[in-house]
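Here, each number is a calculation from the coordinates, and none is a lab measurement. From a predicted model like this one, the values you see are computed outputs, not experimental measurements. Glycine also receives a Cβ, built like all others from the backbone with ideal geometry; neighbour counts cover every protein chain displayed.
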Amino acid sequence: MQEYPQTLIGRTTAEVREAVTAAGLPAYRGSQVGEWLYRRTLPGEGGGFGADFAAMTDLPQTARAELAARFGAPVLIPGEQRTDRRDETVKILARLADGGHPIECVLLPDERRVSVCLSTQAGCPMACAFCATGTQGLTRNLSAAEIVAQFLLLQSRSARRISHVVLMGMGEPLLNYENTLKAIRILSAECGIAMRHITLSTVGIVPQMDRLAQENLQITLAVSLHAPTDELRRRLVPVAKTYPLDRLMDTCRRYAAHTHRRLTFEYVLLREVNDRPEEARELAALLRGVPAAVNLIPYNPTAVAEPFQRPGPERIAAFRKILEQAGLTVTQRKERGRQIAAACGQLVTEATRRTPKKTLPVLAGVA
Ligand code: SAH
């Protein structure tokens, strides 16, 4: 079992009350702390992002000191922050206070919503052919605290309140099932993000999708499909060897039937690899009868072994048209943060290249 730093972030208010009581304080102090942690945004102290007890001004000094001594460990060490001036996308590279591993999280505001994209693992073991994070391998699962802390960090850097969360950053959330679910429950119950405004994106881990269905959450499940045939999918998404499309699609149908939620199917468009009219027709056939929306994601060029290319607008439009003519709802991911290397895992990959490995662990002044 991974041991994580002592923090109250990532605990429900009921759990915070228990922890505070165990520290010899009255339980209602725990409710106050919960309020500070999740609903008033604090930047954290000591250069690390954790619970800033010193700033919790409605607690007595002694209580603040006691709690800081027990639970004041930083969770994240915020690092480089890049803002794309054109669309206000903000990407933050942060290091896990415990171990120094780099992760990324992104703030994506638009006129209607403020979305954030959070990571669930440091690195990722799935090795999808086009994904920058996939080149890194898995370092470790993030704790619920480390997932929620990304949200709190981004909220502290945003003038507007966050309204939507997508678990589409680094990592495969369903391979870090318990911590991800715990984080989702805290984001919903404590941070006020409606379940319907939370999207979990999976590469398609079939047994865990079945398990997730049983939780009966109103979140959106997004499945990274990327290919309509097993042959092609195995090339792009290695885990397709374990979970072929017939099993995956059966699971998706069961998931939709059980949760009454429409699924999103993500499809990264790679020029002349999976973007031909033939693949569009096969995709439409594969999704027939599944309550589905398709999210087309034009490939974001990254440093991966294979030289993939993004298709031009005409090819994308033609692909989209075939799906729409087959009656599918299609959305297209807006290209955002291109100037700041906002594709999944890109910033960490860059940072790792710039910094020799041995200096990665802990930043100066922390730990
Ligand atoms: N492991 C999960 C979530 C993280 S990736 C999953 O596979 O769904 C989030 C989405 O970004 C996935 O659909 C993934 O395939 C896609 N993605 C990864 N690298 C990309 C790139 N270079 N360009 C466009 N989309 C990419």
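Annotation: amide H of Val330 within the under-5 Å range of Val294, sequence separation 5 or more or interchain, hydrogens built in the peptide plane.
Across Gly137, Gly72, Gly48, mean-square fluctuation computed from a Gaussian network of the chain (C-alpha pairs under 10 Å connected) peaks at Gly137. In a simple Cβ point-charge model (Lys, Arg +1; Asp, Glu -1; nothing else charged), the chain has a dipole of about 460 debye relative to its Cα centre. The amide H of Cys124, built 1.01 Å from its N in the peptide plane, has Gln136, Gly137, Leu138, Thr139 as neighbours under 5 Å, considering only residues 5 or more places off or on other chains. Quick check: from the Cα gyration tensor, does segment 50-115 come out rounded (a/c under 1.5), prolate or oblate? Note, shape of segment 50-115 comes out oblate.
Across Val165, Val330, Val106, mean-square fluctuation computed from a Gaussian network of the chain (C-alpha pairs under 10 Å connected) peaks at Val330.
A cut-off of 5 Å between modelled amide H atoms, ignoring neighbours fewer than 5 places along the same chain, links Glu80 with Leu93. Mind checking which of Ala183, Ala305, Ala149 has the largest fluctuation in a GNM of the chain, springs on alpha carbons under 10 Å? Evaluated over the chain, the most mobile residue of the options is Ala305.
Along segment 50-56 the Karplus relation, 6.51 cos²θ - 1.76 cosθ + 1.60 evaluated at θ = phi - 60°, assigns HN-Hα couplings of x, 7, 9, 5, 4, 8, 7 Hz to successive residues, with x for each Gly and Pro. Beta bridges from DSSP with both residues in the chain: antiparallel share about 50 percent, rounded to the nearest 5. Within the same chain, aspartates and glutamates fewer than 8 places from Lys91 are excluded, and of the rest, those with a Cα less than 17 Å from its Cα are Glu80, Glu104, Asp110, Glu146, Glu335, Glu350. Residues in segment 112-120 carry Karplus couplings, in order, of 8, 9, 10, 9, 10, 10, 10, 8, 10 Hz; the curve used is 6.51 cos²θ - 1.76 cosθ + 1.60 with θ = phi - 60°, and Gly or Pro positions show x. Annotation for segment 55-79 versus segment 101-174: alpha-carbon center distance of 25 Å.
Could you work out the relative contact order of segment 76-363, using alpha carbon pairs under 8 angstrom and six or more residues apart, expressed as a whole percent?
Relative contact order here is 19 percent.
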